[in-house]
Amino acid sequence: MSSEELISIKDLKVHFPIKGGIFLREVAKVFAVDGVSLSVNKGETLGLVGESGCGKSTFGKALLQLIKPTSGSVTFNNDELTDLSKAKLRQYRKDLQIIFQDPSESLNSRHTVEQILMEPLEIHKIGDSRNDRKAIIVSLLQKVGLPADSINKYPHEFSGGQKQRIGIARAIALEPQLIVCDEAVSALDVSVQSQILNLLLDLQEEMGLAYIFIAHDLAVVRHISDKVAVMYLGKIVEFTDADNIYAKPLHPYTKALISAIPEPDPFKEKDRVILKGDVPSPIDPPSGCRFHTRCPYAQDKCKTDEPELKDYKNEDGSEHMAACHFAGEF
């Protein structure tokens, strides 16, 4: 892991208009991502966690410019991506890749593995001939733990874990610098999850990759992440390194997520934080602190004043950001 910054996201917003009426005018907005600022260093893994509907996947796609942000800045290797034309942005596709949640949906069922992995190589003119590209594909398959004869098979001939390995092979085919893993293991069995996580770690060490690892399972995130950001209703509510966020969470939402991690010892007592209700609608987020409608520690101030994301510092002096009026007091 390097201390050199690879990508910087500042005040990123993604608002989806809702149109209605005869003239299809904008009647409301979905505040999917509402002012997120993060950065990732070279070779680093940033875990992004939160419940479904908090805006994690939208954030991942927006920083890759797969979804056009409403506003904000995404700087990659000191170049601003949000201002680039489609032609110029294509040059950055080699360095910015994504692994999708459901490999069955993200792989073309009518294409063989060779066709799936050949496409990015042809688009970016990797290899001098088709035979060269075929050799690269065989090497990619070996790298992700699949036999060479997989090259002529179709996606339906593989298990879920094997399909995800093909998705990973496609993501690393162009030797990127950053990969967004969008719930990359959540659709897999627990035993297969560990295999895929270990594969990602091995590839990171071998290729110097940086990951933004999006998940709702904090136990999985802990295994792979250097830093963790907790997202709630389009905003970051806590951010620090992985060890400290588990040892001393400052935000009640983070504490609730950690308390939900299954404990393998049935006789060990655990302090559970039970949240009431569901995540509010991003169309009409609550005033003040967006978490106050479900927070067991909420007070009157939380209903009216939106908390800033402040740095409370860990005991070792490292950064520990939290957006809570009473951070660490519960």
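The values are calculated or read from the model by the stated rules, or taken from the named source; none is laboratory data. All values derive from a computational prediction rather than experimental measurement. Counting neighbours? That spans all protein chains shown, and the Cβs are built from the backbone with ideal geometry, glycine included.
Structure summary
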item: Sole exception among (1) surrounded by fewer than 17 Cβ atoms within 10 Å (Cβ to Cβ); (2) assigned to a loop (DSSP other than H, G, I, E, B); (3) in contact with a Ser or Thr (Cβ under 7 Å, 6 or more places away or on another chain) for LYS268, by number; result: (3)
item: From LEU89, LEU46, LEU38, residue being outside any strand (DSSP E or B) and either of a type in the set (A, V, I, L, M) or modelled with pLDDT under 95 (or both); result: LEU89
item: Test for CYS302: is it crowded, with 16+ Cβ neighbours inside 10 Å, assigned to a helix (DSSP H, G or I) and of a type in the set (A, V, I, L, M, F, W, C); result: yes
item: Search result, residues across segment 305-330 that are in contact with a helix residue (DSSP H, G or I) (Cβ under 9 Å, 6 or more places away or on another chain) and exposed (fewer than 14 other Cβ atoms within 10 Å of the Cβ); result: GLU315, ASP316, SER318
item: Selection status of SER191, more than 30 Å from LYS134 (Cβ to Cβ), surrounded by fewer than 18 Cβ atoms within 10 Å (Cβ to Cβ) and either at pLDDT 90 or above or assigned by TED's automatic domain parsing to the domain that holds LEU63 (or both); result: yes
item: Any hit, segment 113-131, residues being touching a Phe, Trp or Tyr at 6+ places or on another chain (Cβ under 7 Å) and more than 25 Å from VAL220 (Cα to Cα); result: no
item: Selection status of ILE283, at pLDDT below 90, surrounded by fewer than 23 Cβ atoms within 10 Å (Cβ to Cβ) and of a type outside the set (Gly, Ala, Ser); result: no
item: Residues being modelled with pLDDT of 95 or more and in a helix (DSSP H, G or I) - total across segment 101-117; result: 5
item: Residue in segment 218-246 that is surrounded by the fewest Cβ atoms within 10 Å (Cβ to Cβ), counting only those that are part of a helix (DSSP H, G or I) and small (Gly, Ala, Ser); result: ALA219
item: Checking GLU205 against (1) in a helix (DSSP H, G or I); (2) more than 26 Å from ALA62 (Cα to Cα); (3) not assigned by TED's automatic domain parsing to the domain that holds THR58, the condition it does not meet; result: (3)
item: Residues that are surrounded by 12 or more Cβ atoms within 10 Å (Cβ to Cβ), in a helix (DSSP H, G or I) and over 22 Å from the mean Cα position of the chain (by Cα), drawn from segment 143-173; result: LYS143, SER150, ILE151, PRO155, GLU157
item: Cβ pairs under 8 Å, 6+ apart, first in segment 113-134 and more than 25 Å from GLN162 (Cα to Cα), second in a helix (DSSP H, G or I); result: GLY127/LEU121; GLY127/ARG133; GLY127/ALA135; GLY127/ILE136
item: Flag for GLN65 being assigned to a loop (DSSP other than H, G, I, E, B), in contact with a strand residue (DSSP E or B) (Cβ under 8 Å, 6 or more places away or on another chain) and either under 29 Å from ASP189 (Cα atoms) or free of Cβ contacts under 8 Å to residues at least 40 places away in the same chain (or both); result: yes
